[in-house]
Amino acid sequence: MATELHETIFMAKQGRHKNLFLNYKNLNIFPVELLKDEGLQFLERLYMKRNSLTTLPDNLAQKLPNLIELYLHSNNIIIIPEAIGNLARLQSLDLSNNALQMLCPEIGRLRSLRHLRLSNNQLKCLPPEIGDLQDLETLDLAMNQLMSLPDRLHRCHSLQNLTVDHNLLSHVPRQLCWLHRLNQLSMAANRLTFLPLDLGRSRELQFVFVDNNVDLKGLPSYLYNKVIGCSGCGVSSQALEEGMGVALTEALVGLPAEVKLIGSQTDNVVPLEELAMRTMHRIYHHRPAGLNLLPSIILPKSLLDLLQFPLGHCHRCSQAMFTIIYPKLFPLRDTALAGVHRRTTVSFVAYCCSSRCLQTFDLQG
């Protein structure tokens, strides 16, 4: 095997090959032949699947500077070196089926990265720097031990496919709603109790899978007419039969902490704090460019975050909402999707900004 490996690498060097296949070679350590002399300066794609590697060399980028794709699926890699960030041209990195327990912050330096696959590892958290990957299109984090996702993930402006199935997520950042190119979001088999109010507001998001989140009581009505997988979610059918009041209470479990009031159709006045937040939001986001009517105001970071990322927008009039919501329940069985998802009792929950919008909103309108 050693002789065969040596000959394969020798031929690649001599022929200035762009692709090198070292799958199923029973490798315990990274081949030193790849790192001798000038390395493989012309190599663009390296396949090392199904080996027994535990780590990567620190000088990988120095010896293989033109790598575009690196496939390390099904090894025993526990840690990747900080020098991984030096692979400036890398576009695809597959570290699925390894033993990673952490991801170094330097992963955020891979600014050309478009596809990152980390499924079936032992990751408990992700570095905030992953949000620096602005060209990232695919992120697969399935089958890890993640309890949360970085808030900065919304900076991955090119992200189209996000998979976080089989983790320990109880919630997802509402900033995900700002991923305007996101087309598919898969969060099956987690511990989700609530989804961001604005999820599905983007027209690009067409596929949402939240199957087997047993405590997920309701789906934002922006997901109506999307492709939804939600089997195994929601309350029991018995609870729904007990009345809309019980079902609505169940559907509101896990609302964001910023929600201070749940409005009803009888309310005639929106709370003063909410009106102030909406006014500040308009000042910060809707004034004409170059027009500065007010002196700069120093606000606490928590308040600035709220202004930048409202809890949601009214399903009726698109007004931003911050501290109060007016929920309206639409049981899945009463919608056009009832025949598609017969095994679930999840309902759609519309969130409105006032009792007036609440009274006039309908899924068909």
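The values are calculated or read from the model by the stated rules, or taken from the named source; none is laboratory data. Predicted, not measured: the structure shown is a model, and the values here were computed from it. Cβ: placed from backbone, ideal geometry, glycine included. Neighbour counts: every protein chain shown. Just so you know, the surface numbers come from the protein's heavy atoms only, side chains and all, with ligands and any DNA or RNA stripped out. Shrake-Rupley method; radii C 1.70, N 1.55, O 1.52, S 1.80 Å.
Can you pull out every residue in segment 4-35 that is open to solvent by 70 Å² or more (accessible area, probe 1.4 Å), charged (D, E, K, R) and touching a residue at least 24 places away in the same chain (Cβ under 8 Å)?
From segment 4-35, those open to solvent by 70 Å² or more (accessible area, probe 1.4 Å) are 4, 6-7, 10-11, 14, 16-18, 21, 24, 26, 28-29, 32; that's our starting set.
Then drop every residue that is not charged (D, E, K, R), which leaves 4, 7, 16, 18.
Matches in segment 4-35: R16, K18.
Just checking: which of the strands (runs of 3 or more DSSP E) contained wholly in segment 107-216 hold 1 or more residues that are more than 22 Å from R89 (Cα to Cα)?
Of the strands (runs of 3 or more DSSP E) lying wholly inside segment 107-216, those with at least 1 residues that are more than 22 Å from R89 (Cα to Cα) span 161-163, 184-186, 207-209.
Please verify whether segment 38-57 includes one or more residues that are assigned to a helix (DSSP H, G or I), open to solvent by 30 Å² or more (accessible area, probe 1.4 Å) and either at pLDDT below 95 or among the basic types (K, R) (or both).
No.
Kindly list, by first and then second residue, each pair from a residue in segment 98-116 that is closer than 13 Å to G131 by Cβ to a residue that is in a helix (DSSP H, G or I) and open to solvent by 20 Å² or more (accessible area, probe 1.4 Å), limited to pairs with Cβ atoms under 6 Å and residues at least 6 apart or on different chains.
P105/E129; G108/E129; G108/D132
Quick test for you: out of L64, L87, L110, L133, pick the one residue that is touching a helix residue (DSSP H, G or I) at 6+ places or on another chain (Cβ under 8 Å), of a type in the set (A, V, I, L, M) and at pLDDT below 95.
Sole residue among the options that is touching a helix residue (DSSP H, G or I) at 6+ places or on another chain (Cβ under 8 Å), of a type in the set (A, V, I, L, M) and at pLDDT below 95: L64.
If you check R181 against the conditions, is it closer than 18 Å to Q160 by Cβ, out of contact with any Leu (no Cβ under 8 Å at 6 or more places or on another chain), modelled with pLDDT of 90 or more and open to solvent by 50 Å² or more (accessible area, probe 1.4 Å)?
No.
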